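The structure under discussion appears below in the form of structure tokens.
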Amino acid sequence: MLVALGYVLLALAIVQIEFRRTRGRGIDVTTVFIGLAMIQCCIPGIAIYSFLPFVDRAAPTGIDAFDRVYHAMDPTLAFAVLLLTVWFVLFIYIGAGLGRLILSSERFGGRKSSTFLISVSLQRTFVVLTVGLLLTLLSFYLLGDSLPVRYANLILLRAGAPEVERTALNANAFALTQTWGFLAILAIFAAYETKGRGAAWLIAILFTVVFAVLGVSRRALFLPIIFCYFTISLQRTRFRLKWIAIAAIPMLLLLAYGKEILASVAFGLDVETVSSNYESFASAMLRAFSDSGLTIIESVGTLAFLHLDPRLGVDHILSMLQRFPEGMLGWDFNFPERIVRVSTTAFADANAQDIPPGIVGQMWLDFRLLGPVIWGLAFGLQVSVLQALYVHARKSYQSAAAFVLLAFVVVLPINTGSFDFSFNVDMIALVAALAFCVTVRREPVAVAIPSNQPLTLAPGET
């Protein structure tokens with residue numbers, strides 16, 4: 001409970017910092033980044049350590065990997081992860097401030113008053129979404145002989161069940177479903193601004209719903225809602241707390257029972273069995289926030305189980321290099337085992353799906369106590385670049401949606417602690433789709449001329 005209180009104090013400190021920093025001008029991209037990070041670190045930390053004392057110590061969640069970490073957890077490890085998280089957040093703000101100073105200097109053109117118009121091409125976006133939908137539906141069609149069987153097999157495919165053969169087509173089509181769902185959010189706001197609530201707007205919403213359903217995960221439903229909320233808040237420069245209060249209960253139910261509902265569809269179980277999977281409300285909430293706060297549990301597990309020499313950032317280089325197939329350009333190089341597989345073996349077994357080391361765990365593996373300093377500065381500098389672009393962009397819903405998606409791409413490693421997922425096919429496709437569908441155009445700078453001074457133009461000037 002003291003650790004839970006620590007996360008409460010961290011969350012309150014972040015809220016106070018953001019309130020003071022954005023007073024007068026409203027929230028910005030930095031606030032969105034910090035908000036996404038809090039959803040993955042602070043809020044789950046509060047809930048996990050609040051509910052943990054009230055669950056069965058033998059099997060707190062029923063998930064072997066989680067339970068193994070919880071059995072090994074002690075107050076020292078929990079406080080260590082909390083304090084490293086505080087250290088990390090502090091240096092994110094320091095890095096963001098340092099980046100702001102650098103980008104505002106005259107050498108980087110900070111003195112020049114320029115504005116960018118960021119617009120989304122609906123035509124290009126709908127072309128990409130249509131191609132993505134056809135690819136997804138083709139893979140979905142090949143999964144079975146009937147609609148219920150196909151959808152059940154799709155759920156099993158996501159769970160990594162051996163009953164469904166994992167081919168290059170269905171694996172990539174499933175991974176890219178998330179990309180198309182995110183891109184559909186961009187289309188919703190672009191259609192809303194350019195054509196109002198017309199046919200294009202309804203089509204974009206339909207795309208979003210279809211990809212959320214075919215995503216067969218709580219993440220596929222949860223993230224589009226979060227992106228829409230942050231986009232509207234960023235454009236209106238303030239958060240609507242009553243929206244959070246209204247959505248809190250259904251979102252908690254989705255987190256707690258969404259996976260069980262999908263499993264009941266896949267395995268033909270009765271709906272009544274969904275609620276019977278948990279012994280108490282505390283165990284349901286612990287399981288829900290363990291899933292959403294993976295980085296906290298994985299970080300504790302890394303400090304408990306992984307005793308390796310300092311990695312010095314080599315895992316992130318390997319994450320990028322492994323996007324290239326072996327033998328490419330004549331290179332015959334066997335990559336070392338990924339840190340994600342090392343942590344998976346430590347938390348569960350070598351045959352389990354990837355379980356990354358968590359953000360704090362990876363920072364510790366990289367540089368020990370200097371990890372939060374280096375990682376925090378790196379993330380802060382990235383945020384400062386997004387913030388500088390946002391300041392000079394004309395404000396609109398479609399530009400806000402684009403910046404929210406870019407903030408998510410930057411914040412993604414905080415959820416896992418590994419760049420393996422940042423360089424996965426879905427994130428690469430998302431960045432490529434944004435580059436294809438979003439156009440950036442510099443607008444002319446307006447110059448104020450006093451009315452009592454004549455305007456003199458040089459020959460050839462207009």
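General observations
- ³J(HN,Hα) computed for each position of the stretch 391-401 - Karplus, 6.51 cos²θ - 1.76 cosθ + 1.60, integer Hz, glycine/proline x: 4, 9, 9, 5, 6, 7, 5, 6, 5, 4, 4
- The GluC sites (Glu not before Pro) of the stretch 99-206 that meet both conditions, a loop assignment by DSSP and at most 15 other Cβ atoms within 10 Å of the site Cβ, are Glu163, Glu165.
- Here the chain is treated with +1 on each Lys and Arg Cβ and -1 on each Asp and Glu Cβ, and its dipole about the Cα centre works out to around 2120 debye.
- More than 26 Å apart - percent of Cα-Cα pairs taken over the stretch 63-209: 61
- Helix-only arithmetic for the chain: the sum of -39500 (n - 2.57) across DSSP H runs with n ≥ 4, divided by the residue total, places the mean residue ellipticity at 222 nm at -22000 deg cm²/dmol.
- Cα long-axis angle, helix 425-437 against the chain (0 to 90 degrees, to the nearest 10): 20
- Measuring only protein heavy atoms, the 1.4 Å probe finds Tyr397 accessible over about 40 Å².
- Unit Cα scatterers, Debye sum, the stretch 173-217: log10 I(q)/I(0) for q = 0.23, 0.25 Å⁻¹: -0.68, -0.76
- Restricting the calculation to alpha carbons of the chain gives Rg and Dmax of 23.7, 85 angstrom.
- Principal-axis tilt of helix 241-267 within the chain, Cα atoms, nearest 10 degrees: 40
- Heavy-atom accessible surface of the chain: percent carbon and sulfur, 1.4 Å: 67
- Taking amide H as placed 1.01 Å from N in the peptide plane, Phe116 has its amide H under 5 Å from the amide H of Ala393, Arg394, Glu443, each at least 5 places away in sequence or on another chain.
- For the pair the stretch 23-72 / the stretch 146-186, the C-alpha centres are spaced 27 Å from each other.
- In sequence order, calculated HN-Hα J values of the stretch 14-19 (Karplus, 6.51, -1.76, 1.60; Hz; x Gly/Pro): 5, 4, 5, 4, 5, 5
- J(HN,Hα) series, the stretch 371-382, from Karplus relation 6.51 cos²θ - 1.76 cosθ + 1.60, nearest Hz, glycine and proline x: x, x, 5, 5, 5, x, 4, 5, 5, x, 5, 4
- Over the C-alpha trace of the stretch 13-137, radius of gyration and Dmax come out as 22.1, 62 angstrom.
The values are calculated or read from the model by the stated rules, or taken from the named source; none is laboratory data. If you're wondering where the values come from, they're calculated on a predicted model, not measured in any experiment. Don't worry about glycine lacking a Cβ; one is built from the backbone with ideal geometry, like all the others, and counts go over all protein chains shown. Areas reflect the complete protein model, heavy atoms only, side chains present, ligands, DNA and RNA absent. Shrake-Rupley method; radii C 1.70, N 1.55, O 1.52, S 1.80 Å.
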